[in-house]
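Below is one structure, written out as structure tokens; comments come after it.
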Amino acid sequence: MKRGEHTTDRVGIVVVSHSHEVAKGTIDMVRQMVGNEIPMAFSGGNPAGGLGTDVASILAAIEKAWSPKGVAILVDLGGAESNSEMAIEMLPEDRRDKVVVCNAPIVEGAVMAATEAAGGGTLQAVRATAEELSPR
Amino acid sequence: MAHELTRRLIDAAVTAIRDHADELTGLDQAIGDGDHGINMKRGFDAIADAPELKTLPLGDALQKAGMTLVMKVGGASGPLFGSLLMAMGKAVPGDPTQGEQVQAMLAEGIAAVKKRGKSDAGEKTMLDVLVPVGETLAGELSRHASAKETLAGLCRAADAALERTRPMKASKGRASFLGDRSIGHLDPGARSSQLLIHAVCDAVAESLPA
């Protein structure tokens, strides 16, 4: 495997923010802290290019970060969560169960989830690691 | 060829949202992230720009219009209003001809919004208008009210329900971050819902035989 390429036997990570810069910056931070071994993608901003979220763009990000082991999504505010859930429902049936939205803070959650994914963790383990950061 | 009922309802809904976009944004600036009117207008403009919708029976048009809102709105209201319309259209894919069918459509739509928003009435959201309107429709049907009376009753129920969101404290959505400061403001999603209910009832009333 060439340096810098990700393997597909690792859970993928998608970051969804209302802001393009927040989504991109979070993934940049994950790359710097965790490395490039896992498939990653982000979606930020509404279909008009302003603040918001975009189901079509979230679907494209899931496709880009797709792994047979699944994809964990980290979201910021309400619309990011419900639009990510809509995107999951629009996936082909055999992929729907392999994509989850984590209830975790977006930046810390993405770093923790990516760390677990890079270590070869299952989708359930990746989600649980990210969600440990959330208040109960 | 245009489908008459669908065309009337789409025109009425699009006009209602376009005419009140600034007001909706103003309400959202008080307790939300200030883009509700802009987002709803983007979604309903996209519905207006899809003339093929007007050639479909109402249920099919609702499903497609709902998907358009999901893809174009770009805020939390996209999946919420989108899920409402999609579930309503799925309940009766053709044209509803009886009040009971409309009631079933609305019930499915409300259930979809509850599921999508993980919410229920009482949390200062669009559900605080939709749920009482659904109950009013059930009541009017069970007492065999005339179509005209029923439509007027639904509008009154929506108006009263909207006003009841003012003293509520938000526990869902962006407004919930404000806690007590959300009290004293109308909920923008509830206002959109009330506007759409008026638009739909007025359009149906106009199509009734005199």
Residue-averaged beta-carbon neighbours from other chains (10 angstrom radius) around A:44-53: 5
Amide H contacts under 5 Å for residue A:13, placed H, 5+ residues apart: A:40, A:41, A:72
In nm, spacing of pseudo-spin labels at residue B:207 and residue A:9 (7 Å Cα→C-beta vector): 6.0 nm
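Treat the stretch A:27-112 as a sphere of radius equal to its Kirkwood radius over Cα pairs and apply Stokes-Einstein at 25 °C in a medium of 0.890 mPa s; give the translational diffusion coefficient in µm²/s, rounded to a whole number. Don't skip to the end; give the middle numbers.
Working: Rh = 13.2 Å.
Result for D is 186 µm²/s.
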Degrees separating the helix A:55-64 axis from the principal Cα axis of chain A, which is the longest one: 10 degrees
Viscosity 1.567 mPa s, 4 °C: Kirkwood-radius Stokes-Einstein D of the protein assembly as shown over Cα pairs, µm²/s: 62 µm²/s
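Calculate, for the stretch B:4-207, the solvent-accessible area per residue in square angstrom, rolling a 1.4 angstrom probe over the heavy atoms of the protein chains. Mind dumping the intermediate values first?
Details: 8740 Å² over 204 residues.
It amounts to 43 Å² per residue over the stretch B:4-207.
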Length added when fully stretched, residue B:101-residue B:152, from 0.36 nm per residue minus Cα-Cα: 16.5 nm
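Take the cross-link list B:90/B:118; B:114/B:148; A:64/B:54; A:69/B:124 and give me the ones stretching past 32 Å between alpha-carbons.
From the list (B:90/B:118; B:114/B:148; A:64/B:54; A:69/B:124), the Cα-Cα distance tops 32 Å for A:64/B:54; A:69/B:124.
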Residue-averaged beta-carbon neighbours from other chains (10 angstrom radius) around A:80-89: 5
Hull volume in cubic angstrom per residue (convex hull over the Cα atoms of chain B): 101 Å³
Tilt relative to chain B, helix B:127-142 - C-alpha long axis, 0 to 90 degrees, to 10: 30 degrees
Most to least accessible of A:86, B:86 (protein chains only, probe 1.4 Å): B:86, A:86
Pair residue B:169, residue A:29: separation of 7 Å Cα→Cβ label points (nm): 3.1 nm
Partner chain coverage, peptide A:54-63 - average Cβ within 10 angstrom: 2
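Gain in length, residue B:159 to residue B:178, computed as 0.36 nm per residue apart minus the alpha-carbon separation, to one decimal in nm?
On the way: separation 19, 0.36 × 19 = 6.84 nm, distance 2.45 nm.
Working it through step by step, the gained length comes to 4.4 nm.
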Residue B:19 paired with residue A:60, simple spin-label distance in nm, labels 7 Å along Cα-to-beta-carbon: 3.7 nm
Per-residue SASA entry for residue B:204, accessible area with 1.4 Å probe, Å² rounded to 10: 40 Å²
With DNA, RNA and ligands ignored, accessible area of residue A:98 (1.4 Å probe; Å², nearest 10): 80 Å²
With Cα atoms, 0 to 90° folded angle of helix A:20-34 axis to chain A main axis: 10 degrees
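The values are calculated or read from the model by the stated rules, or taken from the named source; none is laboratory data. Nothing here was measured: the structure is a model prediction, and the numbers come from that model. No Cβ is skipped: glycine too gets one built from the backbone with ideal geometry, and neighbour counts run over all protein chains shown. We work out accessible area using only protein heavy atoms, side chains counted, and drop any ligands, DNA or RNA first. Shrake-Rupley method; radii C 1.70, N 1.55, O 1.52, S 1.80 Å.
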